[in-house]
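Reading through the structure tokens given below for one structure.
The values are calculated or read from the model by the stated rules, or taken from the named source; none is laboratory data. Bear in mind that the values here come from a model prediction, so they are computed numbers and not experimental data. With ideal geometry, Cβ positions are generated from the backbone for all residues, glycine too; neighbour counts draw on all protein chains shown. Areas reflect the complete protein model, heavy atoms only, side chains present, ligands, DNA and RNA absent. Shrake-Rupley method; radii C 1.70, N 1.55, O 1.52, S 1.80 Å.
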Amino acid sequence: MHALNKNRSLRRVLLASATTVSGIVLLLALKPHTGPTVVTDSVAPAPSGSASAAPEASSGTGGSTKSSGGSTKGTGTKTVTGDTVQTRWGPVQVKVTIKGGRITDVTAVQYPTENPRDQQINSYAVPQLRSEALAAQSADIDTVSGATYTSDGYQQSLQSALDSAGL
């Protein structure tokens, strides 16, 4: 009978250890749920640069609707904001500037910044996605490793902006 008592206490220790490890894993995986917030670019000059491009966009679109691709080089500047895409970690929205039928600028208007981890991930992912979009001249861009949800939302919002611009 003495051997059975030893087995029971060993089982209790193993069960308690497994429960503790499971609880810690669940706590570490828990992300608090917060509502989406509208976040603008953290760089202050971006909105003012976009505001200076807005008068060009209104004057450029009034004169030519579809001829901005080849015949008019400097006058067909458009700034289009894509749809807001809800991702697992928050909303993603992109604004694209098109001049002469080419993408000249892509700005992330909204992206997840709720916690330090989101900020860390997106501080390297958003510039990478921007350079990919400018190089590809389309929404067909590679996903940034570690920022899959942001990358998917960025691609979808960029595609909706390009569709709205007629590209």
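Tabulated results
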{"quantity": "Inter-probe distance in nm under a simple model that places probes 7 Å from Cα toward Cβ, at Leu28 and Asp142", "calculated": "2.9 nm"}
{"quantity": "Label-point gap, in nm, between Arg117 and Ser17 - each point 7 angstrom along Cα→Cβ", "calculated": "2.7 nm"}
{"quantity": "Full-stretch length increase - Ala135, Thr104 - with 0.36 nm per residue and alpha-carbon distance subtracted", "calculated": "10.2 nm"}
{"quantity": "Probe 1.4 Å, accessible area per residue of region 71-122, Å²", "calculated": "48 Å²"}
{"quantity": "From phi via Karplus (6.51, -1.76, 1.60), per-residue ³J(HN,Hα) for region 11-21 in Hz, x at Gly/Pro", "calculated": "4, 4, 5, 5, 5, 5, 5, 5, 5, 5, 5"}
{"quantity": "For region 106-120, 3J(HN,Hα) per residue [Karplus equation, 6.51 cos²θ - 1.76 cosθ + 1.60, θ = phi - 60°, Hz, x = Gly/Pro]", "calculated": "9, 10, 7, 7, 10, 7, x, 9, 5, 9, x, 5, 4, 4, 5"}
